[in-house]
Amino acid sequence: MQNGTSVHMRQRDLSPWPNYDAAVLGYRNYWQPVTWSRKIGKKPVKFNLLGEPIMFHRDNGKVYAFLDLCPHRGVPLSIGRQEFPGTWTCRYHGWTFDNETGVLRAAFTDGPDSPICGKVSMRTYPVEERAGLVWIWMGSEAPSVPVEEDIPVEFLSEGAIIVGRMTERKGNWRYAAENGFDEGHAKYLHRYGALQTLFRALPAWSMRRGGPIMDGPWLARPPDYEGYQGDFPGLGVWPHKIPWYKKVPKRRPQTSASAAVAKRPNAVPRGTSIRLPNLLCSNPGSRSGIHFEWYVPTDAHNHRYLQFLVVHGGMGENIAHHLRYWLRERWMFHVQFNNQDAWMVELMPESGPERLYRPDASITGWRKLGQRARGQEAPVPADDEAPAAPEPEPVLAGDRV
Amino acid sequence: MQNGTSVHMRQRDLSPWPNYDAAVLGYRNYWQPVTWSRKIGKKPVKFNLLGEPIMFHRDNGKVYAFLDLCPHRGVPLSIGRQEFPGTWTCRYHGWTFDNETGVLRAAFTDGPDSPICGKVSMRTYPVEERAGLVWIWMGSEAPSVPVEEDIPVEFLSEGAIIVGRMTERKGNWRYAAENGFDEGHAKYLHRYGALQTLFRALPAWSMRRGGPIMDGPWLARPPDYEGYQGDFPGLGVWPHKIPWYKKVPKRRPQTSASAAVAKRPNAVPRGTSIRLPNLLCSNPGSRSGIHFEWYVPTDAHNHRYLQFLVVHGGMGENIAHHLRYWLRERWMFHVQFNNQDAWMVELMPESGPERLYRPDASITGWRKLGQRARGQEAPVPADDEAPAAPEPEPVLAGDRV
Amino acid sequence: MQNGTSVHMRQRDLSPWPNYDAAVLGYRNYWQPVTWSRKIGKKPVKFNLLGEPIMFHRDNGKVYAFLDLCPHRGVPLSIGRQEFPGTWTCRYHGWTFDNETGVLRAAFTDGPDSPICGKVSMRTYPVEERAGLVWIWMGSEAPSVPVEEDIPVEFLSEGAIIVGRMTERKGNWRYAAENGFDEGHAKYLHRYGALQTLFRALPAWSMRRGGPIMDGPWLARPPDYEGYQGDFPGLGVWPHKIPWYKKVPKRRPQTSASAAVAKRPNAVPRGTSIRLPNLLCSNPGSRSGIHFEWYVPTDAHNHRYLQFLVVHGGMGENIAHHLRYWLRERWMFHVQFNNQDAWMVELMPESGPERLYRPDASITGWRKLGQRARGQEAPVPADDEAPAAPEPEPVLAGDRV
């Protein structure tokens, strides 16, 4: 019999993680990537970042970023012009600002003696270029760390070969990040309709005793083992057999990634990991490279999605990596596979139901990490060492594998 | 002389009828029609109903309705799949719910021992199929009446031949219902531009001493007489003569429909009548059949409009009714004529002026009927026996015919 | 070094000018132009004006304006019909209103004895036709002045030849008006990309000791001199030399327009001036004519932009003016040049930063003028005689030329 009584659905509630709850527009005290260096030239380019309109342009070889609002009347500076080197002039009244300091140096339409010069500034942001990318600091104070501290070592180390794709996606950045670090979805969502998983025996679930762990700046949750097929009570065997799948063990033990692989300091662990402010890494340990993706908030409802596939090597590997990327990985992985993620993030309601299950310890661990966000460090809830348990019931806490 | 003083316009105010005022999204404790039975198959179909997204699908011959939100992360269940008979699986993480009870039976990506099984439910709704249509119960309690109680007997009696049309229309459902039961508009709005009234002598007004009356579940307001042409003080004779109109009496007395026609219990009265939750009937007593229309709220600003034309008979009448409908009635009546109503409902502001006149006693009677809505019965204002008079002046109260 | 500290931007604040602050939808106690007389015929035409939907039609040679909402159910009267001379009938229920008084004269669908007749009125507005244009009075009281008082004498005097263009533009009307009377923008914004200024030596700035002055109904701020080129400290000479510019003096003294030109009472001064409620004039003293533009609010975020070019003369001048307008002035001035203004008004945020400079004394003078708006006269801030200084610093006050 169908049951007509209303099932009260638990609503998503981020209040146990105050920093994360407040970070609708992201964490500000970090260097965040914007675009390829080669995309910024003399002509201004505008991006919405962390809820603010920002204009970028390059002058005398250096990239500058301004809040795209003239303090005089509020029109965008990005429709402006360069009248003199080292300055930028608003298109409306000819207010001319210093690229470096932001200070008003001339208001042409008030004559050479205009008393307002030096008394007004536009808002500027520190910008750096590294690894072929433009990085911005949007904290309210001057940068507290060098840009290198927020860039994965894999981008900066010798021989790094970086390819990727940048798009604007719908949905608050946090749900994109949660989707990325969510252990469970990959094993179901991507099972159907993605070329990348068509001929691969995909694990059906993974198990881990204990919560996620920190590995340098990275938060990871390496599984103890992965299950490939199971007999689900009252239903039957799942996944259904697929003829061309090679035979796999029902369970495959996993070496704890963080412990086993000898690696340089701060290098990404094997498997999937995430770090502040909004960077996910997937390191399969295969020849195709390490995948990184940033979810840079643009506004409360959209984010900028920067995907990279990074390998290291010389000229030969450089050519091979570009070929692999443009012939296969880009279309199969960065477009088709990741579009399934975008599909979910778009569909996830900004306020809606939420009832977490055991694998979501990765999500609650990530939310908790926000309490350690740079420049706004705050107490972490007491159950920090235990697997994240946002609910009183033993649904998440009990790990009875 | 033109007058420039501001005429204060009385605003629409539903507060004298609290149930109706609150029913922005409809009355819930009723069976309401959704679509043709034949439209629901294995593939999920989604409708917004009474402000909620509902997914319908058919499994093993039976129709099921679920709230289209997975309790885990809030994505729509309607993008899901069937992995095992009698269940439905969310596309995101493989949460698998029981069709009948809504209870979570497996979370594939947490393995066969997932402790969350049995602890979470999706919201399900009772569904029935009758008269070739799917009916849903969206009350918060289990159904308090069998589905037959909310279906007009004309749909259920032997030999019923039902044809019709279903569309989504703009405007809150209440203004569609008011337009439907509104006596006055038909005599002016549909006079021009509708083929159906082109060669017919349309009454210009109708008169009734007293308010609307209940006839079984139906609220009706049968007129005492109808006027066909009048001399309007200071203006002249109206309607203007139309050459091809046959000569008609200036007034034609009407037999009170509810009293005169011998009919089965709960059968619809002659003329126009309305019943809860949102069903209008127009019974002209002619061969073309009885017209029914439901205004099922989809959200606060739109409704689902289900139009039917019902006759009774055998095989021959069945063929004749389909021919009449598809060759004439559908286009002339359900499309062109009723589109004039849709035009008004779309134009009527959701908050705007309202100043009722004598014929609007039908509208206030219908608003008042909401006080008797099933499961939320509430006191009815004291003037219940008198013609509805929402205003202190004698504009509506005085019936000086 | 770039500076990452947040520059606090002063936000626009209209509270020093309460009338102007409140005039989101304009000043009401004025005659305002709507459209060309020839555009209003028997068929209703609808305009949104000062936040209200207004229907215009012509009956028996006279133009009438009604609030486009039937007081009965709120549908637009503009979809109605004329059933009898001197009246207008709502399309929904046949309520028939008197064109002159607005009073309900018949409700056809309630019969000739309908008791509601005479008890309800639609809202009507006084309308006049002058100078080939339709003028409306939207004050809550009857007109306190004849229409001629709000029409520039140049439109009414003998031999006036009026050509122009009417469009709907984005942006609150006040920012369009401020842009129009803003001295500074013309000298920078229109310097680039406008054919009209391509071969003309455009002044770079203008200077005036003292604030704007009243000249009849007009507010003007005639400059003491205009500068054509200057050496800007730390930057260099600006404007950059343009080869085909004829040589100009660096400064050109200006004769105070209001004093020097003998003119009829209330005639527009030379140069740029503005008057209530929303009319700007640009009088270059050249053969091409005097330019007028109205910014009539349509709603809070849009305005109706009426541009005119007026000369005076006989038949020959009439032909010449039309030729000049349609071959050159319309495209070069009213379209291309003024589209640069529209560009700015659209980009100006409705709430955003504002930090005024010396030339903006014209803007603050105009805002202050709102305190004298007809029918809502209110005290004017004490610094009325000094140049407007919305800020405590000497940025605007100091005029050290």
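Straight-distance candidates among the aspartates and glutamates for linking to residue B:170, with alpha-carbon spacing under 16 Å and chain neighbours fewer than 8 residues away dropped: B:178, B:293, B:299, B:341, B:346, B:350. With contacts taken as Cα pairs under 8 Å and at least 6 residues apart, the range B:30-137 reaches a relative contact order of 26 percent. Shape annotation for the range C:152-384: C-alpha extents along the principal axes are 52, 48, 37 Å, from largest to smallest.
Karplus-derived 3J(HN,Hα) values for the range C:346-359, using 6.51 cos²θ - 1.76 cosθ + 1.60 with θ = phi - 60°, are 5, 7, 5, x, 5, 10, x, x, 8, 9, 7, 10, 3, x Hz; glycine and proline are entered as x. Taking 7 Å steps out from each Cα toward its Cβ at residue C:350 and residue B:59 produces label points 4.9 nm apart.
Of C:374, C:328, C:275, which has the largest mean-square fluctuation in a 10 Å C-alpha GNM of chain C? Looking only at C:374, C:328, C:275, the largest GNM fluctuation is found for C:328.
In chain C, the beta carbon lying closest to the axis that superposes C onto B belongs to the residue given here with its whole-angstrom distance, C:301, 12.
Cα convex hull, the range B:1-125: 192 Å³ per residue, rounded to a whole number.
Taking the label point 7 Å along Cα→Cβ, residue C:59 and its counterparts in the other copies are spaced 6.5, 6.5 nm apart, in ascending order. Across chain C, the mean sequence separation of Cα contacts (distance under 8 Å, 6 or more residues apart), normalised by length, yields a relative contact order of 20 percent.
For chain A, a/c is not less than 1.5, where a ≥ b ≥ c are the root eigenvalues of the C-alpha gyration tensor, and a/b tops b/c. That puts it in the prolate class.
For the protein assembly as shown, the calculated P(r) over all alpha carbon pairs, in 10 Å bins from 0 to the bin holding the longest distance, is 2, 8, 13, 14, 14, 16, 16, 11, 5, 1, 0 percent. When exposed loop sites are taken as GluC sites (Glu not before Pro) in a DSSP loop with at most 15 other Cβ atoms within 10 Å, the longest stretch of chain B clear of them is B:159-349.
Counting only pairs 8 or more places apart or on different chains, how many lysine pairs in the range C:30-137 have C-alpha atoms closer than 18 Å?
For the range C:30-137, qualifying lysine pairs total 4.
Note: relative contact order over the range A:151-384, using C-alpha pairs below 8 Å and six or more positions apart, is 29 percent.
Inter-chain Cβ neighbour count for C:360-366, averaged per residue, equals 1 (cutoff 10 Å, partner chain atoms only). Inter-copy label distances for residue A:322: 6.6, 6.6 nm (label point placed 7 Å from Cα along Cα→Cβ; shortest first). Counting every other Cβ atom within 10 Å of each residue's Cβ, A:240, B:312, C:291 order from fewest to most as A:240, B:312, C:291.
Can you list the equivalent-ellipsoid semi-axes of the range A:289-385, largest first and in whole Å, using the square root of 5 times each Cα gyration tensor eigenvalue? Please list the in-between numbers first.
Numbers: eigenvalues 214, 74, 38 Å².
For the range A:289-385, the ellipsoid semi-axes come out as 33, 19, 14 Å.
In the range A:82-231, the alpha-carbon atoms span a convex hull of 219 Å³ per residue. Under the combined filter of DSSP loop state and at most 10 neighbouring Cβ atoms within 10 Å, the range C:285-325 retains none of its chymotrypsin sites (Phe, Trp or Tyr not before Pro). Dividing the summed helix terms, -39500 (n - 2.57) for each DSSP H run of n ≥ 4, by the number of residues in chain A produces a 222 nm estimate of -3500 deg cm²/dmol to the nearest 500. Taking trypsin sites (Lys or Arg not before Pro) across the range C:9-75, the ones in a DSSP loop with at most 10 further Cβ atoms lying within 10 angstrom of their Cβ are C:42. Converting phi to 3J(HN,Hα) with the Karplus coefficients 6.51, -1.76 and 1.60 and the offset θ = phi - 60°, the range C:20-26 yields 5, 4, 7, 7, 3, 10, x Hz in sequence order, with x at every glycine or proline. Taking the fewest neighbouring Cβ atoms within 10 Å as the starting point, the ordered list for B:315, B:332, B:207 is B:315, B:332, B:207.
Karplus-based coupling profile of the range A:302-310, in residue order and whole Hz: 8, 9, 9, 10, 10, 10, 9, 10, 10, with θ = phi - 60° in 6.51 cos²θ - 1.76 cosθ + 1.60 and x standing for Gly or Pro. Distant-in-sequence amide contacts of residue C:49, defined by a placed amide H-H separation under 5 Å and a gap of 5 or more residues or a different chain, comprise C:54. Centroid-to-centroid, using Cα positions, the range B:96-166 and the range A:45-99 are 59 Å apart. Shielding of peptide C:226-238 by partners, expressed as the average count of other chain Cβ atoms within 10 Å per residue Cβ, is 5.
Between residue C:287 and residue C:318, the simple spin-label model (points 7 angstrom out along Cα→Cβ) gives 2.0 nm. Partner shielding of A:63-71 amounts to 3, given as the average count of beta-carbon atoms from other chains within 10 Å of each residue beta-carbon. With the convex hull of the Cα atoms taken as the outline of the range C:160-247, the averaged projected area works out to 9.4 nm². Label-point spacing at residue A:82 relative to the other copies reads 6.5, 6.5 nm, in ascending order, each point sitting 7 Å out from Cα along Cα→Cβ. Computed FRET efficiency, Cβ-Cβ of residue C:378 and residue C:209, R0 30 Å: what is it to the nearest 0.05? Once the sixth-power term is evaluated, E becomes 0.60.
Ordering B:110, B:224, A:231, B:68 by the number of other Cβ atoms within 10 Å of each residue's own Cβ, fewest first, gives A:231, B:224, B:68, B:110.
Values in this text are rule-based calculations from the coordinates and carry no lab data. It should be emphasised that the depicted structure is a prediction, and the values quoted were computed from it without experimental measurement. Note: ideal-geometry Cβ built from the backbone for every residue, glycine included; neighbour counts use all protein chains shown.
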